[in-house]
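Read through the structure below, which is laid out as C-alpha coordinates, and then see the notes.
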Amino acid sequence: MNNQIMKERWRGSVQANYGEPTIALVHGNGLEVWDVEGKRYLDFLGGIATNILGHAHPAIVQAVSKQIATLGHVSNFYNHPQVVSLAEKMKVLTGDDLARTFFCNSGAEANEAALKLARLTGKKEIIACAGAFHGRTMGALSLTGQPEKRKRFKPLLKEITHVPFGDIAAMKKAISKKTAMVILEPILGEAGVVVPPLGYLKAVRELCNKYDVLFAIDAVQTGMGRTGEWFGFEHEGIRPDVITLAKGLGGGLPLGAMITLGSANVNFAPGDHGSTFGGNPVVLSAANAVIEVIEQEDLIARASNFGSEIKRNISLLPGVAEVRGRGLLLGIVLTANIAKELQINLLEAGLLVNAATQNVIRIAPALVVTSAQIDEFAEIFKSSLATLQAGSDG
Ligand SMILES: Cc1ncc(COP(=O)(O)O)c(C=O)c1O
(Lines give C-alpha, C1' and ligand atoms only; values in the text may rest on other atoms or scores of the structure.)
Protein backbone atom coordinates (compact mmCIF):
# COMPACT_ATOMS: atom_id res chain seq x y z
CA MET A 1 0.00 0.00 0.00
CA ASN A 2 1.27 3.51 -0.70
CA ASN A 3 0.06 7.08 -0.32
CA GLN A 4 -0.78 7.45 -4.01
CA ILE A 5 -3.02 4.38 -4.08
CA MET A 6 -4.71 5.53 -0.86
CA LYS A 7 -5.32 8.93 -2.43
CA GLU A 8 -6.96 7.36 -5.47
CA ARG A 9 -9.15 5.17 -3.27
CA TRP A 10 -10.16 8.28 -1.29
CA ARG A 11 -10.98 10.13 -4.51
CA GLY A 12 -13.15 7.23 -5.66
CA SER A 13 -15.10 6.79 -2.43
CA VAL A 14 -15.00 9.76 -0.04
CA GLN A 15 -16.86 13.09 -0.44
CA ALA A 16 -14.57 15.80 -1.79
CA ASN A 17 -15.32 18.32 0.99
CA TYR A 18 -11.85 17.98 2.56
CA GLY A 19 -9.95 18.00 -0.72
CA GLU A 20 -7.58 15.07 -1.18
CA PRO A 21 -5.13 14.29 1.62
CA THR A 22 -1.70 13.47 0.20
CA ILE A 23 -0.68 11.04 2.94
CA ALA A 24 -2.53 8.25 4.75
CA LEU A 25 -1.54 7.78 8.39
CA VAL A 26 -1.63 4.38 10.01
CA HIS A 27 -0.23 4.61 13.53
CA GLY A 28 1.05 7.06 16.07
CA ASN A 29 2.75 7.36 19.42
CA GLY A 30 2.95 10.60 21.39
CA LEU A 31 3.81 13.33 18.88
CA GLU A 32 4.98 10.93 16.21
CA VAL A 33 2.88 9.42 13.41
CA TRP A 34 3.71 7.13 10.52
CA ASP A 35 2.16 6.92 7.06
CA VAL A 36 1.36 3.82 5.00
CA GLU A 37 4.84 3.94 3.47
CA GLY A 38 6.50 3.86 6.87
CA LYS A 39 7.58 7.51 6.84
CA ARG A 40 7.63 9.19 10.26
CA TYR A 41 6.24 12.67 10.94
CA LEU A 42 6.48 14.94 13.95
CA ASP A 43 2.87 15.95 14.64
CA PHE A 44 2.64 19.62 15.63
CA LEU A 45 -0.99 19.90 14.63
CA GLY A 46 -2.42 17.24 16.94
CA GLY A 47 -5.53 16.48 14.88
CA ILE A 48 -6.17 20.26 14.87
CA ALA A 49 -5.77 20.91 18.60
CA THR A 50 -7.54 17.67 19.47
CA ASN A 51 -5.00 15.01 20.49
CA ILE A 52 -4.23 16.88 23.67
CA LEU A 53 -2.24 13.92 25.09
CA GLY A 54 -0.78 12.89 21.72
CA HIS A 55 -1.36 9.60 19.94
CA ALA A 56 -2.05 6.32 21.73
CA HIS A 57 -1.60 7.77 25.22
CA PRO A 58 -1.60 4.78 27.61
CA ALA A 59 -4.10 6.41 30.00
CA ILE A 60 -6.65 6.90 27.19
CA VAL A 61 -6.00 3.47 25.69
CA GLN A 62 -6.48 1.84 29.06
CA ALA A 63 -9.60 3.81 30.01
CA VAL A 64 -11.30 3.27 26.66
CA SER A 65 -10.37 -0.42 26.46
CA LYS A 66 -11.70 -1.03 29.94
CA GLN A 67 -14.91 0.89 29.32
CA ILE A 68 -15.75 -0.72 25.96
CA ALA A 69 -15.20 -4.12 27.53
CA THR A 70 -17.49 -3.20 30.43
CA LEU A 71 -20.31 -1.04 29.08
CA GLY A 72 -20.13 0.52 25.64
CA HIS A 73 -23.37 2.43 25.22
CA VAL A 74 -26.56 2.88 27.21
CA SER A 75 -28.45 5.93 25.81
CA ASN A 76 -29.46 8.85 27.96
CA PHE A 77 -32.39 6.95 29.39
CA TYR A 78 -29.83 5.69 31.89
CA ASN A 79 -27.21 7.21 34.15
CA HIS A 80 -23.67 5.81 34.35
CA PRO A 81 -20.53 6.61 36.36
CA GLN A 82 -18.56 8.23 33.50
CA VAL A 83 -21.19 10.89 32.80
CA VAL A 84 -21.65 12.08 36.36
CA SER A 85 -17.89 11.96 37.02
CA LEU A 86 -17.15 14.17 34.04
CA ALA A 87 -20.04 16.58 34.67
CA GLU A 88 -19.00 16.88 38.33
CA LYS A 89 -15.43 17.49 37.20
CA MET A 90 -16.67 20.37 35.04
CA LYS A 91 -18.09 21.97 38.17
CA VAL A 92 -14.67 21.76 39.78
CA LEU A 93 -12.78 23.04 36.73
CA THR A 94 -15.17 25.97 36.23
CA GLY A 95 -15.25 26.62 39.98
CA ASP A 96 -19.04 26.75 39.83
CA ASP A 97 -21.20 24.39 41.81
CA LEU A 98 -24.18 25.38 39.68
CA ALA A 99 -22.45 24.38 36.42
CA ARG A 100 -24.54 21.94 34.39
CA THR A 101 -23.20 20.10 31.36
CA PHE A 102 -24.82 18.77 28.21
CA PHE A 103 -22.66 16.28 26.32
CA CYS A 104 -22.65 15.91 22.55
CA ASN A 105 -20.22 14.75 19.89
CA SER A 106 -18.52 17.77 18.32
CA GLY A 107 -17.81 21.47 18.59
CA ALA A 108 -20.55 22.36 16.13
CA GLU A 109 -23.07 20.45 18.23
CA ALA A 110 -21.90 22.15 21.40
CA ASN A 111 -22.56 25.50 19.74
CA GLU A 112 -25.91 24.29 18.40
CA ALA A 113 -26.82 23.51 22.00
CA ALA A 114 -25.77 27.03 23.03
CA LEU A 115 -27.90 28.46 20.22
CA LYS A 116 -30.95 26.57 21.45
CA LEU A 117 -30.21 27.65 25.00
CA ALA A 118 -30.14 31.28 23.82
CA ARG A 119 -33.69 30.88 22.50
CA LEU A 120 -34.81 29.95 26.00
CA THR A 121 -34.07 33.51 27.09
CA GLY A 122 -37.13 34.52 25.05
CA LYS A 123 -34.91 36.73 22.85
CA LYS A 124 -33.63 35.93 19.36
CA GLU A 125 -30.75 38.21 18.44
CA ILE A 126 -27.23 36.89 18.64
CA ILE A 127 -23.85 38.56 18.18
CA ALA A 128 -20.81 36.65 16.93
CA CYS A 129 -17.56 37.83 15.37
CA ALA A 130 -16.38 38.27 11.82
CA GLY A 131 -13.71 35.67 11.10
CA ALA A 132 -14.86 33.42 13.94
CA PHE A 133 -15.33 29.71 13.40
CA HIS A 134 -18.05 27.91 15.33
CA GLY A 135 -18.70 24.89 13.11
CA ARG A 136 -20.43 23.88 9.90
CA THR A 137 -23.89 22.59 10.76
CA MET A 138 -26.57 25.11 9.75
CA GLY A 139 -26.90 26.76 13.17
CA ALA A 140 -23.19 26.75 13.92
CA LEU A 141 -22.46 27.95 10.37
CA SER A 142 -24.84 30.84 10.99
CA LEU A 143 -22.56 31.81 13.89
CA THR A 144 -19.38 31.28 11.86
CA GLY A 145 -18.22 34.65 10.55
CA GLN A 146 -16.52 33.48 7.35
CA PRO A 147 -18.41 34.43 4.16
CA GLU A 148 -16.56 31.86 2.00
CA LYS A 149 -17.86 29.00 4.12
CA ARG A 150 -21.41 30.40 4.29
CA LYS A 151 -22.19 31.67 0.84
CA ARG A 152 -23.29 28.41 -0.85
CA PHE A 153 -25.58 27.45 2.02
CA LYS A 154 -27.80 30.46 2.48
CA PRO A 155 -30.30 31.19 3.85
CA LEU A 156 -28.82 30.67 7.28
CA LEU A 157 -30.31 31.67 10.63
CA LYS A 158 -31.48 35.27 10.68
CA GLU A 159 -30.90 37.69 13.54
CA ILE A 160 -27.21 36.93 13.88
CA THR A 161 -24.93 39.96 13.62
CA HIS A 162 -21.18 39.64 13.06
CA VAL A 163 -18.99 42.36 14.50
CA PRO A 164 -15.21 42.82 14.06
CA PHE A 165 -13.29 40.70 16.58
CA GLY A 166 -11.51 42.65 19.30
CA ASP A 167 -13.42 45.85 18.55
CA ILE A 168 -15.32 46.84 21.67
CA ALA A 169 -16.84 49.94 20.06
CA ALA A 170 -18.46 47.73 17.40
CA MET A 171 -19.78 45.38 20.10
CA LYS A 172 -21.20 48.35 22.02
CA LYS A 173 -23.00 49.50 18.91
CA ALA A 174 -24.48 46.08 18.15
CA ILE A 175 -25.57 44.93 21.60
CA SER A 176 -28.92 45.85 23.14
CA LYS A 177 -31.63 44.58 25.47
CA LYS A 178 -32.83 42.51 22.51
CA THR A 179 -29.61 40.52 22.33
CA ALA A 180 -29.99 36.97 23.63
CA MET A 181 -26.36 35.88 23.45
CA VAL A 182 -22.88 37.00 22.50
CA ILE A 183 -20.60 34.15 21.46
CA LEU A 184 -16.83 34.55 21.14
CA GLU A 185 -13.70 32.50 20.74
CA PRO A 186 -11.17 33.82 23.29
CA ILE A 187 -8.59 33.49 20.51
CA LEU A 188 -9.72 33.07 16.91
CA GLY A 189 -8.30 29.66 16.01
CA GLU A 190 -9.25 28.84 12.42
CA ALA A 191 -8.84 32.47 11.38
CA GLY A 192 -5.11 32.31 12.12
CA VAL A 193 -4.73 32.38 15.93
CA VAL A 194 -5.81 35.99 16.46
CA VAL A 195 -5.56 37.24 20.04
CA PRO A 196 -7.90 40.14 20.95
CA PRO A 197 -6.54 43.22 22.73
CA LEU A 198 -6.24 42.75 26.48
CA GLY A 199 -9.42 43.99 28.15
CA TYR A 200 -11.71 42.95 25.28
CA LEU A 201 -13.28 39.95 27.00
CA LYS A 202 -13.75 41.95 30.17
CA ALA A 203 -15.43 44.79 28.31
CA VAL A 204 -17.74 42.31 26.53
CA ARG A 205 -18.58 40.76 29.90
CA GLU A 206 -19.56 44.19 31.23
CA LEU A 207 -21.76 44.90 28.22
CA CYS A 208 -23.46 41.53 28.60
CA ASN A 209 -24.14 42.31 32.26
CA LYS A 210 -25.52 45.71 31.37
CA TYR A 211 -27.98 44.38 28.79
CA ASP A 212 -28.74 41.05 30.45
CA VAL A 213 -27.19 39.04 27.65
CA LEU A 214 -25.80 35.49 27.83
CA PHE A 215 -22.04 35.53 27.30
CA ALA A 216 -20.91 32.29 25.65
CA ILE A 217 -17.26 31.40 25.22
CA ASP A 218 -16.51 28.93 22.47
CA ALA A 219 -13.50 27.19 24.00
CA VAL A 220 -13.62 24.32 21.50
CA GLN A 221 -10.12 25.03 20.24
CA THR A 222 -8.71 26.98 23.18
CA GLY A 223 -10.02 24.70 25.95
CA MET A 224 -8.60 21.88 28.02
CA GLY A 225 -5.41 23.60 29.05
CA ARG A 226 -4.12 24.32 25.57
CA THR A 227 -3.60 28.04 26.14
CA GLY A 228 -2.07 27.64 29.58
CA GLU A 229 -5.47 27.86 31.32
CA TRP A 230 -8.34 25.42 31.36
CA PHE A 231 -10.65 27.29 28.99
CA GLY A 232 -8.76 30.14 27.37
CA PHE A 233 -10.59 33.08 28.95
CA GLU A 234 -9.24 33.02 32.50
CA HIS A 235 -6.31 35.38 31.84
CA GLU A 236 -8.78 38.28 31.82
CA GLY A 237 -10.33 37.14 35.06
CA ILE A 238 -13.78 36.95 33.51
CA ARG A 239 -16.47 34.30 33.79
CA PRO A 240 -18.83 33.64 30.91
CA ASP A 241 -22.34 32.22 31.38
CA VAL A 242 -21.88 29.41 28.87
CA ILE A 243 -18.80 27.46 27.76
CA THR A 244 -18.65 25.19 24.72
CA LEU A 245 -15.97 22.54 24.44
CA ALA A 246 -14.89 19.74 22.10
CA LYS A 247 -11.55 18.88 20.44
CA GLY A 248 -9.10 18.29 23.35
CA LEU A 249 -11.88 17.26 25.74
CA GLY A 250 -12.10 13.74 24.32
CA GLY A 251 -8.37 13.46 23.67
CA GLY A 252 -9.08 12.27 20.11
CA LEU A 253 -12.49 10.69 20.65
CA PRO A 254 -15.58 12.56 19.43
CA LEU A 255 -16.90 14.58 22.33
CA GLY A 256 -18.42 18.03 22.73
CA ALA A 257 -19.94 19.75 25.73
CA MET A 258 -22.04 22.78 26.49
CA ILE A 259 -21.73 23.97 30.07
CA THR A 260 -23.99 26.53 31.65
CA LEU A 261 -22.62 28.30 34.71
CA GLY A 262 -24.87 29.43 37.52
CA SER A 263 -25.06 32.95 36.12
CA ALA A 264 -26.76 31.69 32.94
CA ASN A 265 -30.20 31.53 34.56
CA VAL A 266 -31.47 29.37 31.69
CA ASN A 267 -31.13 25.64 31.36
CA PHE A 268 -32.62 22.85 29.33
CA ALA A 269 -35.75 21.19 30.65
CA PRO A 270 -36.70 17.58 29.87
CA GLY A 271 -37.30 17.18 26.13
CA ASP A 272 -35.54 20.41 25.08
CA HIS A 273 -32.51 18.77 23.49
CA GLY A 274 -30.70 15.48 23.10
CA SER A 275 -28.23 13.28 21.26
CA THR A 276 -28.12 9.49 21.03
CA PHE A 277 -24.35 9.29 21.36
CA GLY A 278 -23.95 12.35 23.59
CA GLY A 279 -22.41 11.25 26.87
CA ASN A 280 -21.38 7.84 25.55
CA PRO A 281 -19.49 6.00 28.33
CA VAL A 282 -16.50 5.03 26.16
CA VAL A 283 -15.93 8.56 24.90
CA LEU A 284 -16.41 10.02 28.37
CA SER A 285 -13.97 7.54 29.86
CA ALA A 286 -11.36 9.07 27.53
CA ALA A 287 -12.24 12.59 28.75
CA ASN A 288 -12.02 11.56 32.40
CA ALA A 289 -8.59 10.06 31.67
CA VAL A 290 -7.50 13.20 29.79
CA ILE A 291 -8.35 15.46 32.73
CA GLU A 292 -6.65 13.18 35.22
CA VAL A 293 -3.42 13.19 33.21
CA ILE A 294 -3.52 16.97 32.65
CA GLU A 295 -3.86 17.47 36.40
CA GLN A 296 -1.37 14.82 37.51
CA GLU A 297 1.32 15.93 35.09
CA ASP A 298 0.65 19.66 35.41
CA LEU A 299 0.29 19.92 31.65
CA ILE A 300 -1.32 23.35 31.79
CA ALA A 301 1.88 24.90 33.13
CA ARG A 302 3.75 22.86 30.56
CA ALA A 303 1.61 24.37 27.77
CA SER A 304 2.55 27.86 28.97
CA ASN A 305 6.25 27.13 29.31
CA PHE A 306 6.65 25.27 26.06
CA GLY A 307 4.56 27.83 24.23
CA SER A 308 7.01 30.50 25.34
CA GLU A 309 9.92 28.29 24.32
CA ILE A 310 8.51 27.88 20.81
CA LYS A 311 7.93 31.64 20.56
CA ARG A 312 11.56 32.26 21.57
CA ASN A 313 12.84 29.72 19.04
CA ILE A 314 10.81 30.93 16.08
CA SER A 315 10.00 34.65 16.51
CA LEU A 316 13.34 35.99 15.32
CA LEU A 317 13.75 33.79 12.25
CA PRO A 318 14.07 35.65 8.97
CA GLY A 319 10.69 35.48 7.24
CA VAL A 320 8.72 35.40 10.51
CA ALA A 321 6.84 38.60 11.38
CA GLU A 322 5.60 37.40 14.78
CA VAL A 323 4.43 34.35 16.69
CA ARG A 324 1.04 34.97 18.28
CA GLY A 325 -1.29 32.97 20.47
CA ARG A 326 -1.10 31.52 23.94
CA GLY A 327 0.38 28.34 25.34
CA LEU A 328 0.41 25.64 22.70
CA LEU A 329 -2.03 27.30 20.30
CA LEU A 330 0.28 29.40 18.18
CA GLY A 331 0.12 31.21 14.85
CA ILE A 332 3.44 31.79 13.13
CA VAL A 333 2.87 34.89 11.03
CA LEU A 334 5.09 34.93 7.95
CA THR A 335 6.26 38.05 6.16
CA ALA A 336 5.04 36.63 2.81
CA ASN A 337 1.95 34.73 1.68
CA ILE A 338 3.72 31.39 1.49
CA ALA A 339 2.02 29.46 4.29
CA LYS A 340 0.46 26.84 1.98
CA GLU A 341 3.75 26.16 0.20
CA LEU A 342 5.58 26.00 3.49
CA GLN A 343 3.04 23.55 4.90
CA ILE A 344 3.65 21.27 1.89
CA ASN A 345 7.44 21.52 2.26
CA LEU A 346 7.23 20.85 5.99
CA LEU A 347 5.15 17.74 5.34
CA GLU A 348 7.81 16.60 2.90
CA ALA A 349 10.40 17.24 5.63
CA GLY A 350 8.39 15.18 8.13
CA LEU A 351 6.54 17.88 10.09
CA LEU A 352 2.75 18.26 10.34
CA VAL A 353 1.40 21.81 10.71
CA ASN A 354 -1.49 23.74 9.17
CA ALA A 355 -1.60 26.81 6.93
CA ALA A 356 -4.50 28.57 8.66
CA THR A 357 -4.38 31.53 6.28
CA GLN A 358 -2.15 32.65 3.40
CA ASN A 359 0.53 33.87 5.78
CA VAL A 360 -0.10 32.04 9.06
CA ILE A 361 1.11 28.59 10.04
CA ARG A 362 -0.91 27.24 12.96
CA ILE A 363 0.56 24.78 15.41
CA ALA A 364 -1.28 22.99 18.20
CA PRO A 365 0.95 20.17 19.43
CA ALA A 366 -0.10 17.80 22.19
CA LEU A 367 0.57 19.14 25.70
CA VAL A 368 2.94 16.23 26.28
CA VAL A 369 5.42 17.66 23.77
CA THR A 370 9.04 17.46 24.92
CA SER A 371 11.87 19.95 24.73
CA ALA A 372 13.69 17.69 22.26
CA GLN A 373 10.63 17.65 20.00
CA ILE A 374 10.43 21.44 20.14
CA ASP A 375 14.08 21.58 19.06
CA GLU A 376 13.36 19.17 16.22
CA PHE A 377 10.32 21.23 15.18
CA ALA A 378 12.37 24.47 15.22
CA GLU A 379 15.16 22.87 13.19
CA ILE A 380 12.85 21.57 10.44
CA PHE A 381 10.81 24.79 10.41
CA LYS A 382 13.87 26.98 10.16
CA SER A 383 15.47 24.98 7.38
CA SER A 384 12.28 24.60 5.28
CA LEU A 385 11.46 28.29 5.62
CA ALA A 386 15.01 29.29 4.63
CA THR A 387 14.94 26.96 1.60
CA LEU A 388 11.59 28.30 0.49
CA GLN A 389 12.73 31.90 0.88
CA ALA A 390 15.99 31.21 -1.00
CA GLY A 391 13.88 29.66 -3.79
CA SER A 392 11.54 32.64 -4.03
CA ASP A 393 14.44 35.17 -3.83
CA GLY A 394 16.23 33.42 -6.69
C1 LIG B 1 -13.59 27.46 17.96
C2 LIG B 1 -14.25 26.33 17.26
N3 LIG B 1 -15.56 26.13 17.44
C4 LIG B 1 -16.21 25.11 16.85
C5 LIG B 1 -15.55 24.25 16.01
C6 LIG B 1 -16.30 23.14 15.35
O7 LIG B 1 -15.94 21.92 15.91
P8 LIG B 1 -16.28 20.54 15.17
O9 LIG B 1 -15.41 20.48 13.96
O10 LIG B 1 -15.93 19.50 16.20
O11 LIG B 1 -17.71 20.56 14.84
C12 LIG B 1 -14.18 24.41 15.80
C13 LIG B 1 -13.45 23.50 14.90
O14 LIG B 1 -12.38 23.77 14.43
C15 LIG B 1 -13.51 25.48 16.44
O16 LIG B 1 -12.21 25.70 16.26
Measure of exposure for K116: accessible area at 1.4 Å probe, Å² rounded to 10, is 90 Å²
When the chain is treated as a Gaussian network with springs between alpha carbons less than 10 Å apart, the largest mean-square fluctuation among M258, M138, M181 is found at M138
Share of accessible surface on carbon and sulfur in the chain, whole %, 1.4 Å probe and ligands ignored, is 54 percent
When every protein chain stays in place and a 1.4 Å probe is rolled, H235, H55, H80, H27 sorted by accessible area with the largest first are H27, H235, H55, H80
Per residue, the convex hull enclosing the Cα atoms of the range 159-245 spans a volume in Å³ of 90 Å³
Per the charge dipole of the range 333-394 (beta-carbon charges, Lys/Arg positive, Asp/Glu negative, Cα centre), the residue among V368, A349, G391 reaching farthest to the positive end is V368
Rounded to one decimal in nm, the spacing of the 7 Å Cα→Cβ label points at N305 and L71 is 3.9 nm
Residue separation between T387 and A169 times 0.36 nm, minus their alpha-carbon distance, gives in nm 74.1 nm
With -39,500 (n - 2.57) per DSSP H segment of 4 or more residues and division by the full residue count of the chain, the 222 nm estimate, nearest 500 deg cm²/dmol, is -11500 deg cm²/dmol
Cα-based Rg and Dmax for the range 298-394, in Å, come out at 12.7, 47
With the dipole of the range 1-129 defined by +1 on each Lys or Arg Cβ and -1 on each Asp or Glu Cβ, the option from N3, A24, L86 whose Cα lies farthest towards the positive pole is L86
With +1 on the Cβ of every Lys and Arg and -1 on the Cβ of every Asp and Glu, the dipole magnitude of the chain about its Cα centre, in debye rounded to the nearest 20, is 1360 debye
Between L316 and A130, Cβ-based FRET efficiency (R0 41 Å, step 0.05) works out to 0.85
Those chymotrypsin sites (Phe, Trp or Tyr not before Pro) from the range 77-129 that are DSSP loop and have at most 14 other Cβ neighbours within 10 Å turn out to be F77, Y78
For the chain, the Cα gyration tensor yields equivalent-ellipsoid semi-axes (√(5λ), largest first, whole Å) of 33, 26, 20
If every Lys and Arg gets +1 and every Asp and Glu gets -1 at its Cβ, then about the Cα centre the range 73-114 yields a dipole, in debye to the nearest 20, of 100 debye
Partner aspartates and glutamates whose C-alpha sits under 14 Å from that of K172, ignoring same-chain residues fewer than 8 away, are E206, D212
One would report the antiparallel percent of DSSP beta bridges in the chain, rounded to the nearest 5, as 65 percent
The answer for the chain, counting only DSSP H helices whose Cα atoms cover 15 angstrom or more along the axis and whose Kyte-Doolittle average is 1.0 or greater, is 281-296
Highest GNM mean-square fluctuation among N111, N359, N79, for the chain with Cα springs under 10 Å, belongs to N79
If R0 = 45 Å, then E159 and A16, at their Cβ-Cβ distance, give a FRET efficiency to the nearest 0.05 of 0.90
Result for the range 59-296: accessible area per residue, probe 1.4 angstrom, in square angstrom, of 42 Å²
Listed by chain and number, the aspartates and glutamates with an alpha carbon less than 18 angstrom from that of K7, same-chain partners under 8 positions apart left out, are E20, D35, E37, E348
Highest GNM mean-square fluctuation among I23, I259, I338, for the chain with Cα springs under 10 Å, belongs to I23
Filtered hits (lysines, Cα-Cα < 19 Å from K382, offset >= 8 within chain) -> K311, K340
At R0 = 30 Å the Cβ-Cβ FRET efficiency linking K177 and V92, nearest 0.05, sits at 0.30
Result for the range 298-394: accessible area per residue, probe 1.4 angstrom, in square angstrom, of 42 Å²
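The values are calculated or read from the model by the stated rules, or taken from the named source; none is laboratory data. Bear in mind that the values here come from a model prediction, so they are computed numbers and not experimental data. Here Cβ is always computed from backbone atoms with ideal geometry, including for glycine, and neighbour counts include all displayed protein chains. In case anyone asks, the SASA skips ligands and DNA or RNA and just uses the protein heavy atoms, side chains included. Shrake-Rupley method; radii C 1.70, N 1.55, O 1.52, S 1.80 Å.
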